[in-house]
1. How far apart, in nanometres, would the label points at K54 and D12 be if each is projected 7 angstrom from Cα along the Cα-to-Cβ direction?
2. Order 19-32, 101-114 from most to least packed using the mean count of other Cβ atoms within 10 Å.
3. Quick one: in the chain, what % of C-alpha pairs are over 31 Å apart?
4. For the Cα atoms of the chain, what angle does the longest principal axis make with the long axis of helix 76-87, in degrees from 0 to 90, nearest 10?
5. For the stretch 80-187, take N as its residue count and report Rg(C-alpha) divided by 2.2 N^0.38 Å.
6. I'd like the distance between the alpha-carbon centres of the stretch 134-162 and the stretch 76-111, rounded to an integer number of Å.
7. Output the peptides 82-89, 130-137 sorted from most to least packed, where packing is the average of other Cβ atoms within 10 Å over each peptide's residues.
8. Suppose only helical runs count, i.e. DSSP H with n ≥ 4. What mean residue ellipticity at 222 nm does that imply for the chain under -39500 (n - 2.57) per run, divided by all residues and rounded to the nearest 500 deg cm²/dmol?
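The values are calculated or read from the model by the stated rules, or taken from the named source; none is laboratory data. This is a predicted model, so every value here is computed, not measured. Cβ atoms come from the backbone with ideal geometry, glycine included; neighbour counts cover every protein chain shown. Each accessible area value is taken on the protein alone, full model and side chains, heavy atoms only, with ligands, DNA and RNA left out. Shrake-Rupley method; radii C 1.70, N 1.55, O 1.52, S 1.80 Å.
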Amino acid sequence: MGDGLEGLEVGDNVVVEPYFVDGDCDMCQAGSYHLCRQMGFIGLSGGRGGLSEKIVVDARWVHPIGDIPLDEAALIEPLSVAHHAVAQRREAGDTALVDRAGPIGLLTAAVLKGMVVATIISELSQARKEKATSSRVADHVLDPSQEDVPARVLELTGGSGADVAFECAGVNAVLDTMLDAVRPGGVVVNVAIWGAPATVDMQKLVLKEIDLRGTIAYVRDHPR
Ligand SMILES: NC(=O)c1ccc[n+]([C@@H]2O[C@H](COP(=O)([O-])OP(=O)(O)OC[C@H]3O[C@@H](n4cnc5c(N)ncnc54)[C@H](O)[C@@H]3O)[C@@H](O)[C@H]2O)c1
């Protein structure tokens, strides 16, 4: 530990918010350090790797975790991604569609459940459908290979559509589904990191005044 550090003791269990930021750019100065012009992540952007045996980080990125077991605490980073994604909702709604239930989708649904939002999860994998049910993060689990997801979402929402949808796959068919499944004035939050450019049916977006927005990582989400 460097000199003068308060609130930390040698031996504390902590998690690290794994950023590199410049601290000087307009985004950092405005407090939006997750949008830093030079933003990078430990591991993805060097820094000798997040799985190194030892690593040095600025105290600002260190979050003590008390007695949370380390194997559970390892989920705080992706949980913070989910927490920040959920914060992108324009307004609180009653029902959210979370499409695809990998770790990010499941944790997004977990945050939504914590905010008393009803969740509809769409997923193909049997194991992930079971996890969505057994973890109780899903109120409804749909299988897009068996069901018409937009039609089922309309049915489950009394004909109105989901207030918000979270794209957690990076798959065009999922994004297409969301434009049909959200209500007029609904929000589609893209969480996925895409490997290739997507197409967006802009006519659906404009006619329903859908708000399509991105979310990256986290900013002050870890403590919460
Ligand atoms: N925005 C951010 O800050 C941020 C942070 C972390 C992860 N992510 C992204 O979030 C997304 C989800 O992460 P994850 O760890 O849950 O990923 P994952 O790969 O474990 O899960 C993605 C889900 O999408 C489904 N899927 C993938 N390709 C498909 C296809 N071609 N057809 C149908 N289904 C398909 C998979 O079955 C899986 O259930 C990824 O794109 C990841 O890069 C974004």
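1. Result for the modelled spin labels: 2.0 nm.
2. Values: 19-32: 14.4, 101-114: 22.6.
Per-residue Cβ counts within 10 Å, averaged per peptide and sorted highest first, yield 101-114, 19-32.
3. Numbers: 6988 of 24976 pairs.
Here the long-distance tail beyond 31 Å is 28 percent of all Cα pairs in the chain.
4. Taking the Cα atoms of the chain, the angle to 76-87 is about 50 degrees.
5. Values: Rg = 12.1 Å, N = 108, 2.2 N^0.38 = 13.0 Å.
Against the empirical 2.2 N^0.38 Å value, I get 0.93 for the stretch 80-187.
6. So the two Cα centres are separated by 16 Å.
7. Numbers: 82-89: 22.5, 130-137: 16.2.
Final packing ranking: 82-89, 130-137.
8. Numbers: 8 runs with 65 residues, N = 224.
-8000 deg cm²/dmol, from helical runs alone.
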